[in-house]
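Take a look at the structure set out below.
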Amino acid sequence: MAKIIDGKAISKQIRSEIAAETAEFIKNTGRTPGLAVIIVGTDPASQVYVRNKRKACEEVGFYSEGYELPESTTQAELEALVDKLNADEKINGILVQLPLPKHLDETAILLRINPQKDVDAFHPYNVGKIMIGNYKFLPCTPAGVMSLLERSGIEISGKECVVVGRSNIVGKPQAMLLLQANGTVTICHSRTKDLAEVCRRADILIAAIGKADFFGAEYIKPGAVVIDVGMNRRADGKLTGDVNFEEVEPIASYITPVPGGVGPMTITTLMKNTLISAKESVNA
């Protein structure tokens, strides 16, 4: 029976540490870390995520600004807002909630954000720094996964690590972080042959493909650590991950639940990145 990795408990512990650091930072500098979140349109999932970010800012003692823009917002209007926030000394982190409406150019917007305020670590400048291991910010979900492993006492060095998914947001940076922690890393995707066979080699399996309950018992090596990054809805409306929890839990040594596993860590890492940016701005 696998040990459950409790993302809620670990996230709460880290947020408490961030809140203490923030109080000390404010006391020493007289400045409050600030995060601006931009959402365009009325996507319900994005709105929930934005509300959660606002609550997290309050919890750790940050200043926050929220911009809820109409679906009809133009590229020029959104770029002007990003430029304004880039120049605003009260703001240390800028986050544009994705996906954007189809008429907007996501790449151009992400490139517009000052890399020093890119607390999602999506700007090519920050992506490049991650590749060479000389970074200040890390993408929130992959960094959250690394914190879960570290705080659960799971050794990465020398282990076979399999990442299923090659997105720029999770899969690719996740592989880089595991590699920098001395894992032996394989990245799998939709064209991988004999996927189950490759997954069964994994001491640590990271599932990030966005397919509900895809990974069953036949994908899991006995005693493997299974990290489920997926967040999907079944036909009955119930939240589930990419891993079939009921099948896999008896085989794995550690497993993350959905919800309550990786999810809470993503926003917590965003808070951590914003505090780092605030500290860097004082030292600049």
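Taken over segment 140-262, lysine pairs spaced eight or more positions apart, or on distinct chains, with alpha carbons under 25 Å apart number 10. For the pair segment 103-149 / segment 12-31, the C-alpha centres are spaced 23 Å from each other.
A cut-off under 12 angstrom between Cβ atoms defines the neighbours of LEU85, and their net charge, with Lys, Arg +1 and Asp, Glu -1, is -2.
Can you check what the net charge comes to around THR186, using other residues whose Cβ is under 14 Å from the Cβ of THR186 (Lys, Arg +1; Asp, Glu -1)? Neighbourhood net charge equals +4. Cβ crowding within 10 Å ranks TYR219, TYR135 as TYR135, TYR219, fewest other Cβ atoms first.
Of GLY128, ILE154, PRO115, whose Cα points farthest to the positive end of the dipole of the chain (charges on the beta-carbon: +1 Lys, Arg; -1 Asp, Glu; origin at the Cα centre)? Going by the Cα projections, it comes out as ILE154.
Given a Förster radius of 30 Å and the C-beta distance between GLU155 and LYS8 as r, what FRET efficiency does 1/(1 + (r/R0)^6) yield to the nearest 0.05?
Details: r = 23 Å, r/R0 = 0.78.
Step by step, r from the Cβ atoms, then E = 0.80.
Taking every DSSP helix (H) stretch of at least 4 residues in the chain, weighting each as -39,500 (n - 2.57) and dividing the sum by the residue count yields a mean residue ellipticity at 222 nm of -13500 deg cm²/dmol. Taking the DSSP bridge list for the chain and keeping only pairs wholly inside it, about 5 percent are antiparallel.
Could you work out the local net charge near VAL164, counting Lys and Arg as +1, Asp and Glu as -1, over the other residues with Cβ closer than 15 Å to its Cβ? It would help to have the intermediate numbers written out before the result.
On the way: positive: ARG166, LYS172, ARG191, LYS193, ARG200, ARG201, LYS211, LYS221; negative: GLU160, ASP194, GLU197, ASP203, ASP213, GLU218, ASP228, ASP242.
So the surrounding residues net to 0.
From the alpha carbon centroid of segment 169-212 to that of segment 36-87 is 32 Å.
Counting other beta carbons within 10 Å of each Cβ, put THR268, THR256, THR29 in order, fewest first. If you can, show how the numbers build up before the last one.
Numbers: THR268 26, THR256 30, THR29 13.
Ascending Cβ contact count within 10 Å gives the list THR29, THR268, THR256.
Taking amide H as placed 1.01 Å from N in the peptide plane, the amide H of GLY183 sits under 5 Å from that of GLY158, each at least 5 places away or on another chain. Relative to its Kirkwood radius, the Cα radius of gyration of the chain gives an Rg/Rh of 0.97. Pick from PRO139, PRO222, PRO99 the residue whose mean-square fluctuation is largest in a GNM of the chain, springs joining Cα atoms under 10 Å. Ranking PRO139, PRO222, PRO99 by mean-square fluctuation puts PRO99 first. Distances between placed amide hydrogens fall under 5 Å for GLU65 paired with LEU35, ALA36, VAL37, all partners being 5 or more residues away or on another chain.
Rounded to the nearest 10 degrees, the angle from helix 75-87 to the longest Cα principal axis of the chain is 80 degrees. Taken about its Cα centre, the chain carries a charge dipole of about 300 debye when Lys and Arg each add +1 at the Cβ and Asp and Glu each add -1 at the Cβ.
Under 23 Å between alpha carbons: how many lysine pairs meet that in segment 87-137, if sequence neighbours fewer than 8 apart on the same chain are excluded?
Value for segment 87-137: 4.
Every number in this text was worked out from the coordinates using simple rules, so none of it is lab data. Here the structure is a predicted model, which is why all the values come from computation and not from measurement. Cβ atoms come from the backbone with ideal geometry, glycine included; neighbour counts cover every protein chain shown.
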